[in-house]
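This report concerns only the one structure given below.
The values are calculated or read from the model by the stated rules, or taken from the named source; none is laboratory data. For clarity, every value in this text was computed on a predicted model and none was experimentally measured. Positions of Cβ are backbone-derived with ideal geometry, glycine not excepted, and every protein chain shown enters the neighbour counts.
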Amino acid sequence: MSSLTAPLGALGRASLGGLGFVGRVTLFALAALSHVLRPPFYAREFGQALVNIGWLSLPVVGLTAIFTGGALALQIYAGGARFNAEAVVPQIVAVGMVRELGPVLVGLMIAARVTSSIAAEIATMKVTEQIDALVTLSTDPLKYLVAPRVLAALLVVPVLVAVGDLIGIFGGYALATGSLGFNAAAYLNNTINFLEATDIISSLVKGCAFGGLAALMGCYFGMHSGRGAQGVGRATKYAVEAAAVLILAANFLLTGVFFSL
Amino acid sequence: MIRLRSVCKSFDDNHVLRGVDLDIPQGTSMVIIGGSGTGKSVLLKCILGLVTPDAGQITLDDEDVTRTERDAFLARFGMLFQGAALFDSLPVWQNVAFRLLQGRDRMPAEAARDRAIEKLRRVGLKSEVADLFPAELSGGMQKRVGLARAIAAEPEIIFFDEPTTGLDPIMAGVINDLIREIVTEMGVTAMTITHDMTSVRAIADNVAMLHDGVIKWTGPASELDRSGDAHVRQFITGSAEGPIEAVR
Ligand SMILES: Nc1ncnc2c1ncn2[C@@H]1O[C@H](COP(=O)(O)OP(=O)(O)OP(=O)(O)O)[C@@H](O)[C@H]1O
Ligand SMILES: [Mg+2]
């Protein structure tokens, strides 16, 4: 009998564990967001977070976007040629970048670059008792460490996504005009006329959501790190995994929402 | 007056504290001794609320510490962590002045920096270290910066977790004198963990010995040598023979 119920038990424990995780993360997120709204504000921490998450991510965002835009143009050209629709390259590159690839790739790059560094930094602070020290110095770690990073990510990742969209479109443009024989002015016209406001809004909303998720996961797993170097390593790994999976899941949900509008 | 009654704390099946009873009168210096890993650091963290006890009661001036207003409660404390726990993203002076730079009645940066440099001097550090980062300091220097941070806001109650480990004997003497001075001149209540018997004699009004999760012996420092307790005697003499096992 027990051999029959054992898998069920394991399944039950796993789902309870999953639910518990969702609950804890939600509570953590709510607490962090409530600190964003209440003083005191740590302007310096916020400024540093803006620079780290935003400014210093520009190179990796730019490189990711330009290669993706170029490859996308080639693929659409090759695919379109099969039914004589090569001319749609500018339109599809624009929609593909702005609605889907821009936000998702920037989100994943932020998960790789920012989530990992936040998680490792906060986890190290936790295992070296710096978090305890903050508390004894009457400073709430949620307010001092988490809130500035989450707020910075919410504000600056949409900007990164916009930059990624633009550079991606430019990548497609450069490839199409440079080696596929497209007319430059016509390409730009087609791109601009085709994009709608909702495309751009959905891109920015996704950026905001993905940035928030990336920063929250880094902070959550960092704050709940186990002990020692192994604890820090594990916290970083789980944070990046969780951020990447949640970003893709949120992308699916948000895309659904924007389709139904 | 800090009062602990039957404080218990376990980590899974590691029963670290099994009913600690201890009184620390205001304005006195209590030194906790005990073998490595007996839960001395955990005990301090329980009082500060960094670790939640499983059972028992801790009161400060007859008020349950779990029911006090956290900010006001913590504002009365300074703590030197065993590993110094300096913020490695901030230069030394901002570490020392951290509390002075926060909150509603924060100091202007210039004044806070001056205060930090003064406290650094008191722990035997030159003003040049003020602009270094913690990672650029030696272990003993980090410890002293931690000490300067603990005393910077001039709190009423200060916990020192092994203030002299990693220091040379001369510097250890300076720190012992400093702690004694803070207690006698400023009326601070101090609770110090140390393994160094010279420190114990220099700092303590009262001594408590933690062993097996309970306070095995407590009394005035002057009675340490005639405590009549086998655990204390073994600890003072550092002998491998006695009730405290060498392998723990
Ligand atoms: N966060 C924690 N999680 C699990 N176990 C812990 C934790 N903190 C402390 N312990 C355990 O509690 C016990 C007491 O630890 P503590 O740091 O208080 O020892 P100590 O008396 O300060 O020793 P030392 O003199 O070496 O500093 C140890 O066995 C340690 O493994
Ligand atoms: Mg200790």
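Can you confirm whether the range B:47-70 contains a residue that is touching a Leu at 6+ places or on another chain (Cβ under 6 Å), away from every other protein chain (no Cβ under 11 Å) and touching a residue at least 60 places away in the same chain (Cβ under 8 Å)? Taking every residue of the range B:47-70 in turn, none turns out to be touching a Leu at 6+ places or on another chain (Cβ under 6 Å), away from every other protein chain (no Cβ under 11 Å) and touching a residue at least 60 places away in the same chain (Cβ under 8 Å).
If you go through the range B:1-36 and keep only what is within 14 Å of chain A (Cβ to nearest Cβ) and within 13 Å of ligand 2 (Cβ to nearest atom), you end up with nothing. Identify all residues within the range A:129-139 that are in a helix (DSSP H, G or I) and either more than 14 Å from chain B (Cβ to nearest Cβ) or among the hydroxyl-bearing types (Ser, Thr, Tyr) (or both); write none if there are none. The one that is in a helix (DSSP H, G or I) and either more than 14 Å from chain B (Cβ to nearest Cβ) or among the hydroxyl-bearing types (Ser, Thr, Tyr) (or both): A:Thr136.
Looking only at residues that are in a helix (DSSP H, G or I) and among the acidic types (Asp, Glu) in the range B:181-206, which one is nearest to ligand 1 (Cβ to nearest atom)? My answer is B:Glu181.
Can B:Thr184 be described as surrounded by fewer than 17 Cβ atoms within 10 Å (Cβ to Cβ), among the polar types (S, T, N, Q) and closer than 16 Å to B:Ile236 by Cβ? For B:Thr184, the condition - surrounded by fewer than 17 Cβ atoms within 10 Å (Cβ to Cβ), among the polar types (S, T, N, Q) and closer than 16 Å to B:Ile236 by Cβ - is not met.
Selection within the range A:140-162: residues that are closer than 30 Å to B:Ala148 by Cβ and surrounded by 22 or more Cβ atoms within 10 Å (Cβ to Cβ). The member of this set that is nearest to the other protein chains (Cβ to nearest Cβ) is A:Leu145.
In the range B:91-107, what residues are within 13 Å of another protein chain (Cβ to nearest Cβ) and either closer than 15 Å to B:Ile151 by Cβ or modelled with pLDDT under 95 (or both)? Those that are within 13 Å of another protein chain (Cβ to nearest Cβ) and either closer than 15 Å to B:Ile151 by Cβ or modelled with pLDDT under 95 (or both): B:Asn95, B:Val96, B:Ala97, B:Phe98, B:Arg99, B:Leu100, B:Leu101, B:Gln102, B:Gly103, B:Arg104, B:Asp105, B:Arg106. Within the range B:64-80, is even one residue part of a loop (DSSP other than H, G, I, E, B), within 16 Å of ligand 2 (Cβ to nearest atom) and crowded, with 20+ Cβ neighbours inside 10 Å? Within the range B:64-80 (the criterion being part of a loop (DSSP other than H, G, I, E, B), within 16 Å of ligand 2 (Cβ to nearest atom) and crowded, with 20+ Cβ neighbours inside 10 Å), the answer is no, since none of the residues qualifies.
For the condition touching a residue at least 60 places away in the same chain (Cβ under 8 Å) and among the small types (Gly, Ala, Ser), B:Ala150 qualifies. Here B:Glu110 meets the list (1) more than 13 Å from chain A (Cβ to nearest Cβ); (2) assigned to a helix (DSSP H, G or I); (3) within 16 Å of ligand 2 (Cβ to nearest atom) almost entirely, failing just condition (3).
Scanning the range B:32-58 for residues that are part of a strand (DSSP E or B) and within 13 Å of ligand 1 (Cβ to nearest atom), which turns out farthest from A:Thr136 (Cα to Cα)? Among those that are part of a strand (DSSP E or B) and within 13 Å of ligand 1 (Cβ to nearest atom), it is B:Ile33. Restricting attention to the range B:69-83, the residues being within 13 Å of ligand 1 (Cβ to nearest atom) and over 18 Å from B:Ala190 (Cβ atoms) number 1. Determine, yes or no, whether B:Glu223 is assigned to a helix (DSSP H, G or I), more than 27 Å from B:Arg115 (Cα to Cα) and charged (D, E, K, R). So B:Glu223 fits the description; yes.
For the residues B:Ala208, B:Ala221, the requirement of being closer than 25 Å to B:Leu178 by Cβ, of a type in the set (A, V, I, L, M, F, W, C), touching a strand residue (DSSP E or B) at 6+ places or on another chain (Cβ under 6 Å) and modelled with pLDDT of 95 or more singles out B:Ala208.
When you scan the range B:125-145, do you find a residue that is under 19 Å from the mean Cα position of the chain (by Cα), of a type in the set (A, V, I, L, M) and within 14 Å of another protein chain (Cβ to nearest Cβ), even just one? Yes - at least one qualifying residue is present in the range B:125-145.
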